[in-house]
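What follows is calculated from the coordinates using simple rules that are stated; it is not laboratory data. None of these values were measured; they are calculated from a predicted model. So basically every Cβ, Gly included, is an ideal-geometry build from the backbone, and we count neighbours across all protein chains shown.
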Amino acid sequence: MGTQREFAIWDKSGSGVLTETPLIYKACREGKLGSVHSYSDGCIYQTVFTYLCGRPDEQFIEEHPELIYESRLVCMTPDWEEYIRGLSVKFILKRELMEPLNSESVKKLRGLPEGYSLSPFTREIFEEHPFDHGRNYKDYEDFAANGAGTAVLFDGKVVSACSSFITLGDQVELDVSTDPEHRRKGLADHCVYEMLRQSYDKKLTVHWDAQNVMSSEMAKSHGFVPVAEYAVYWLERG
């Protein structure tokens, strides 16, 4: 999913429709994550993001305003984008979807700073759910069998982590986080590097959805290739 830092703002005049299929959207569509709300001309998939498919139905929206307000909206069709842009949009964020990667990292890393150590996701780390990592898995056994993850520790505390957010078949979504007090030390790079190695060993293909320039640049430095930019809308209740 990308780093938990500042979000990028949509700065393009053209369409922000997403024409690719993110893993999280696919998981929701297959009933593995979130909820599905269907109507005659379309469907709304609500999970980490709310994916708007088909054509909007004003009556359905009036009856279910909670589906599009206070949600991160992704338009999967031009019809939905035209409709959303006609409402009271508070802000528009930009994300960059990477081509899924099935290989180890290509990045050359320096050693960790003094006092930091690298660890795979042990049972203890998993059950701590640092930065909320691992919560989409049933338990540690499920994660160990189907996911991947690495953490950096400082004074016994997890200060950076990269793990699979969700597993769908042999596909995983990458999630990476670092404590603000420990950033700019290359910790996240070490976590990503090891998470990719674990995933490759398990024959898992890794997906990365970058939410800002820093996340995008990090992804590319490890071997990911951008495939699409898209807009995420946030509506203000009027």
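In percent, rounded to a whole number, the relative contact order of the range 140-238 is 22, using alpha-carbon pairs under 8 Å and six or more apart.
Averaging 1/r over every pair of different alpha carbons in the range 172-238 and inverting the result gives a Kirkwood radius of 13.7 Å. Legend: ranking of residues SER15, SER216 from fewest to most surrounding C-beta atoms inside 10 Å; resulting order SER15, SER216. Each Lys and Arg Cβ is given +1 and each Asp and Glu Cβ -1; about its Cα centre, the range 83-228 then shows a dipole of about 620 debye. Listed by chain and number, the aspartates and glutamates whose C-alpha is less than 18 Å from the C-alpha of LYS90, apart from same-chain residues fewer than 8 away, are GLU6, ASP11, GLU66, GLU70, GLU81, GLU82, GLU236. Expressed in units of 2.2 N^0.38 Å, where N is the residue count, the Cα radius of gyration of the range 116-207 is 0.98.
Summarised in one figure, the compactness ratio Rg/Rh of the chain, Cα atoms and Kirkwood Rh, is 0.99. Once backbone amide H atoms are built at 1.01 Å from N, ALA228 has LEU97 as its partners under 5 Å, excluding neighbours fewer than 5 places away on the same chain. Evaluated over the range 116-207, the count of Lys pairs having alpha-carbon atoms less than 26 Å apart is 4 (only pairs 8 or more residues apart or interchain). Between ALA231, ALA145, PHE126, whose Cα lies farthest towards the positive end of the dipole of the range 103-238 when Lys and Arg beta carbons carry +1 and Asp and Glu beta carbons carry -1, centred on the Cα centre? It is ALA231, whose Cα lies furthest towards the positive end. Summary: within the chain, the longest segment free of GluC sites (Glu not before Pro) located in DSSP loops with at most 14 other C-beta atoms within 10 Å is 115-235.
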